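Sending over a structure as structure tokens; questions will come in a sec.
A short reminder: the numbers here are calculations on the coordinates, not readings from a lab. From a predicted model like this one, the values you see are computed outputs, not experimental measurements. Glycine gets a Cβ as well: all are built from the backbone with ideal geometry, and neighbour counts include every protein chain shown.
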Amino acid sequence: MLSSCRLKQVKLSPFLKDRYLLPSRFNSFLNHQLVFKFKKNFQDLVKNHVPYTAKEINLKNKEFTDKKLWEMEIGCGTGEFIVSVANQHREKNFIGLDWALPCLQRAIKKADQFNLNNVLFYHGSAFDGLKYDFKDFRFNKIMINFPDPWPKKKHWKRRIVSTDFLKIVKDKLLPNGELITITDLYSLFLYHNTLIEESNLYFEPCENPFENSFEKREHSTPYCSYYKEISKYQRKNLSGSKKVFYTHHRKRLELS
């Protein structure tokens with residue numbers, strides 16, 4: 001996952017870093033470089049990797065201890081969406097993931113303004129985070145808000161959602177857990193929906209419960225919940241009368 005962030009870094013106190021920031025412990029790109037340079041075995045690097053544990057995060061932020069539901073926003077940017085959601089749903093745990101450190105620094109400052117104890121920010125790629133660093137975690141909801149579209153076909157391999165990525169998401173979601181993607185690009189919406197529908201990974205579609213106005217509507221397919229808070233990109237698009245496209249899928253139980 002490549003970042004298009006052009007923001008400059010802002011200074012965070014050691015206290016805020018320790019309280020909110022989870023640095024990446026596994027980087028596939030760097031590890032493959034180690035394999036090439038020092039002729040190491042990649043599987044040995046995986047075997048010796050130490051992922052984050054719930055106990056470790058509980059020690060980092062004691063408010064997480066008694067909560068059960070974990071939710072993740074991939075590509076959280078500067079945190080408008082996830083900070084707003086975490087502030088209104090303090091009964092849940094949230095992890096905001098982004099590759100761009102300047103964005104996360106601003107997100108952390110927003111979280112600190114509300115003195116939030118139920119949100120942490122992971123600096124790294126979605127693939128490495130879910131597959132390696134959060135190996136032992138299971139999530140109730142994984143949200144992808146306005147990912148970089150990479151519209152040129154030769155760049156599609158840079159998109160977050162892929163067949164391999166969906167396999168990891170399926171493994172990380174709890175039964176009935178939700179996968180939600182949002183974009184303002186119709187072609188990317190079709191790309192996401194097609195990959196998910198063709199993945200054969202026990203996902204079932206849910207109708208979006210909100211129109212662009214965020215009013216409830218009737219739905220006949222299984223309900224997927226989503227928050228009424230919106231990201232800055234969604235606010236920008238709705239204010240310009242642009243359409244926003246959602247994919248909502250729920251992980252169903254595997255058939256034996």
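Please give the length that would be gained between Phe114 and Gln43 if that part of the chain were fully extended, namely 0.36 nm times their separation in residues minus their C-alpha to C-alpha distance (nm, one decimal). Write down the numbers at each step before the final one.
Numbers: separation 71, 0.36 × 71 = 25.56 nm, distance 4.19 nm.
Taking Phe114 through Gln43 to full extension adds about 21.4 nm, to one decimal.
Which FRET efficiency value, to the nearest 0.05, do you get for Leu7 and Asn27 by plugging their Cβ-Cβ distance into 1/(1 + (r/R0)^6) with R0 = 25 Å? List each step's numbers first, then the result.
Working: r = 21 Å, r/R0 = 0.85.
The formula returns an efficiency of 0.70 here.
Per-residue HN-Hα couplings for the range 196-203, Karplus 6.51 cos²θ - 1.76 cosθ + 1.60 at θ = phi - 60°, whole Hz, x for Gly and Pro?
With coefficients 6.51, -1.76 and 1.60, one gets 5, 5, 8, 6, 6, 10, 6, 9 Hz.
Mind computing the radius of gyration and Dmax over the alpha-carbon atoms of the range 45-193? Å is fine for both.
15.3, 46
Turning to a different aspect of this structure: For a quick check: with amide H placed at 1.01 Å from N, whose amide H comes under 5 Å from Tyr122's, ignoring anything fewer than 5 positions away on the same chain?
Result for Tyr122 returns Leu22, Gly96, Leu97, Asp98.
Quick check: net charge around Pro102, other residues with Cβ under 13 Å of its Cβ, Lys/Arg +1 and Asp/Glu -1?
On the way: positive: Arg6, Lys8, Lys11, Arg106, Lys109; negative: Asp98.
My count for the surroundings of Pro102 gives +4.
Would you kindly derive the ³J(HN,Hα) couplings of the range 17-22 from the backbone phi angles with the Karplus curve 6.51 cos²θ - 1.76 cosθ + 1.60 (θ = phi - 60°), listing them in order in whole Hz, with x for Gly and Pro?
With coefficients 6.51, -1.76 and 1.60, one gets 4, 5, 6, 10, 9, 10 Hz.
Let me ask something else. Calculate, in nm to one decimal, what Lys242 and Leu34 gain on full extension: separation in residues at 0.36 nm each, minus their alpha carbon distance.
Details: separation 208, 0.36 × 208 = 74.88 nm, distance 4.54 nm.
Going from the current span to full extension adds 70.3 nm.
Between Asp18 and Lys55, how many nm apart are label points set 7 Å from Cα along the C-beta direction?
Placing both labels 7 Å beyond Cα along the Cβ direction yields 2.1 nm.
Take the alpha carbon gyration tensor of the range 64-135, find the square roots of its eigenvalues, order them as a ≥ b ≥ c, and report rounded if a/c is under 1.5; if not, report prolate when a/b exceeds b/c, else oblate.
On the way: a/c = 2.13, a/b = 1.13, b/c = 1.89.
Oblate, because a/c is 1.5 or more while a/b does not exceed b/c.
Taking amide H atoms as placed 1.01 Å from N in the peptide plane, list the residues 5 or more away in sequence, or in a different chain, whose amide H sits under 5 Å from that of Gly177.
So Gly177 has HN proximity to Lys251.
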